[in-house]
Structures are given as structure tokens and as C-alpha cells.
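Input: a single structure, listed below in C-alpha cells.
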Amino acid sequence: MKIFKSIVLAACSLLIATSLHAQDEPEKQKGYDPSNWFTGGSISLGAGNGTFNFGVHPHYGYTVAKWIDFAGVANFEYQSQRDGYNNKYRTTIYGLGAFTRIFPVHFLFIQAEPEYNFIAQKFIPNNSNTTLRQTLHAPSLLLGGGYTTSRSDKNSFTYLSILVDVIKDVNSPYVDGYGNLLPIIRAGINIGLNRGKRK
């Protein structure tokens, strides 16, 4: 737990230091620029030991400055699991959120993403026609960072990120049954829009 707190503290310190440094740099463009809009999204995929997970996370946002992006995000995830007794578990997750990405350098970013998810669970016991259903919801705050191929072409790039949910709500899809954080690994693409309207 001490190591985790140290990582979070270091990440927050870097966010503040980067923000202060970047604010001192002169911006080449002032005001609204339609070519700063972007879209894209990420996918998450995992399988193994009777478990399958697939997620899609489209986003739409705006580049406020060359070192910071804001975007709204939609979540959809499906999880399937089979235990040692051949019981089946099915989970469908829908949610909304928003992220802030800060780029201390053009190929690395730090990300903070609050979100709220609605979770529909099904339990299908082995050798039974009964299906148990449950609906849950949970807030999350995802913190982490990632690597991009390049941000030089007006915010068009591919990326890989690793995030963790620091709220650790008991119903969070990013926490296991023992309350341990599950790393969230996502690969995605960012596409700059309105390229013909660049100032």
C-alpha cells in the first residue's frame, strides 16, 4: 500500500510540475481552433484460465494546448468466466466518463479519467436452468499513463496505456473479489478532425 501511495503521489507531483512548466510556454495559436477536435477510441482484450474479456471505449475531445487534451468517453465491456465447477459468470458493463491527458513529452502522457459504470451480472449454475441476475453501479477514478507513436500530426496517433482505479469501489469492474487493483491495459487510436479547417 505504501508503494501504491508513493506512485500516486509521484504522478500527482509530475502533473502539477508539468502543468506549471507548460503554462509558462508561449502558445503558437490562441482561441478556438476547429482542427483541435479529435476522436478515436481504445479496445481491451484478455483471455485465459476460463476467462474472456472484451471492451470498446470510444472518445471525442479537444486539444486545449499542445501539452493537454480533454475528452468524453463511453465504455462498453463484456466479461465471461467459468469456474472450476463449470459455473458460468457473464458481466456486461456500460458507462460514461471523461479523461485529461497531459503530455510532458510528445510520446508519453499521464492520464486521469473519472467514470461511472452500470454493471449487469448473470450467474448460470452448472446443471441448472436457473439464471441469477444482479445490477450494480460504481464510480471509478482511473490514473496512469501511456505511450504514443507520435503527436506531431495534429493529434493523430496510436497509443498504449496502463491505468488503475484508485477509488477501489467494491462494485468496480477494475477490482477483484479480494479488493486488489486490476491493471487496465488499453490499445487505441486518436484521429485529428477538421484538418481542412486548420488555422
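The values are calculated or read from the model by the stated rules, or taken from the named source; none is laboratory data. Since the model is a prediction, treat every value here as computed from it, not as a measurement. Cβ: placed from backbone, ideal geometry, glycine included. Neighbour counts: every protein chain shown.
Residue check, GLU115 against (1) charged (D, E, K, R); (2) surrounded by 14 or more Cβ atoms within 10 Å (Cβ to Cβ); (3) at pLDDT below 95, all met but one. Which one?
(3)
Is the range 78-86 home to any residue that is in contact with a strand residue (DSSP E or B) (Cβ under 6 Å, 6 or more places away or on another chain), in a strand (DSSP E or B), small (Gly, Ala, Ser) and at pLDDT below 95? Talk me through it step by step, then tell me what you get.
From the range 78-86, those in contact with a strand residue (DSSP E or B) (Cβ under 6 Å, 6 or more places away or on another chain) are 78-82; that's our starting set.
Checking which are in a strand (DSSP E or B) leaves us with 78-82.
Remaining after also requiring small (Gly, Ala, Ser): 80.
Next, from what is left, pick out any that are at pLDDT below 95: 80.
Yes: the range 78-86 contains one or more residues that are in contact with a strand residue (DSSP E or B) (Cβ under 6 Å, 6 or more places away or on another chain), in a strand (DSSP E or B), small (Gly, Ala, Ser) and at pLDDT below 95.
Would you mind stating whether LEU14 is loosely packed, with under 13 Cβ neighbours inside 10 Å, at pLDDT below 95, aliphatic (A, V, I, L, M) and not in a loop (DSSP other than H, G, I, E, B)?
When the stated conditions are applied, LEU14 does not pass them.
Being β-branched (Val, Ile, Thr), under 16 Å from the mean Cα position of the chain (by Cα) and either under 30 Å from LEU193 (Cα atoms) or part of a loop (DSSP other than H, G, I, E, B) (or both) is the filter here; which residues of the range 131-182 pass it?
THR148, THR158, ILE162, VAL164, VAL166, ILE167 - these are the residues of the range 131-182 that are β-branched (Val, Ile, Thr), under 16 Å from the mean Cα position of the chain (by Cα) and either under 30 Å from LEU193 (Cα atoms) or part of a loop (DSSP other than H, G, I, E, B) (or both).
Only residues in the range 125-141 that are farther than 23 Å from GLY97 by Cα count as the first member; pair them with residues that are at pLDDT 95 or above and exposed (fewer than 15 other Cβ atoms within 10 Å of the Cβ), Cβ under 9 angstrom, at least 6 apart or cross-chain, and list the lot.
So the pair list comes out as ARG133/ALA120.
Out of all the residues in the range 29-42, which are touching a residue at least 12 places away in the same chain (Cβ under 8 Å) and exposed (fewer than 14 other Cβ atoms within 10 Å of the Cβ)?
Hits for the range 29-42 are GLN29, PRO34.
Looking at (1) exposed (fewer than 15 other Cβ atoms within 10 Å of the Cβ); (2) in contact (Cβ under 8 Å) with a residue 60 or more places away in the chain, find the lone condition where GLY145 falls short.
Looking at each condition in turn, GLY145 falls short on (1).
Matching residues to (1) at pLDDT below 95; (2) farther than 20 Å from PHE54 by Cα; (3) not hydroxyl-bearing (Ser, Thr, Tyr); (4) not in a strand (DSSP E or B):
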site	(1), (2), (3), (4)
ARG90	yes, no, yes, no
ARG101	no, yes, yes, no
GLN111	no, yes, yes, no
ALA120	no, no, yes, no
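Does the range 48-88 hold any residues that are surrounded by fewer than 14 Cβ atoms within 10 Å (Cβ to Cβ), among the polar types (S, T, N, Q) and more than 21 Å from the chain's Cα centre (by Cα), and which are they?
ASN49, ASN86, listed by residue number.
Looking at PHE107, PHE99, can you tell me which residue is touching a residue at least 12 places away in the same chain (Cβ under 8 Å) and in contact with a His (Cβ under 9 Å, 6 or more places away or on another chain)?
PHE99
Being touching a Phe, Trp or Tyr at 6+ places or on another chain (Cβ under 9 Å) and farther than 30 Å from TRP67 by Cα: is that true of ASN117 here?
Details: touching a Phe, Trp or Tyr at 6+ places or on another chain (Cβ under 9 Å): yes; farther than 30 Å from TRP67 by Cα: no.
No: the conditions fail for ASN117.
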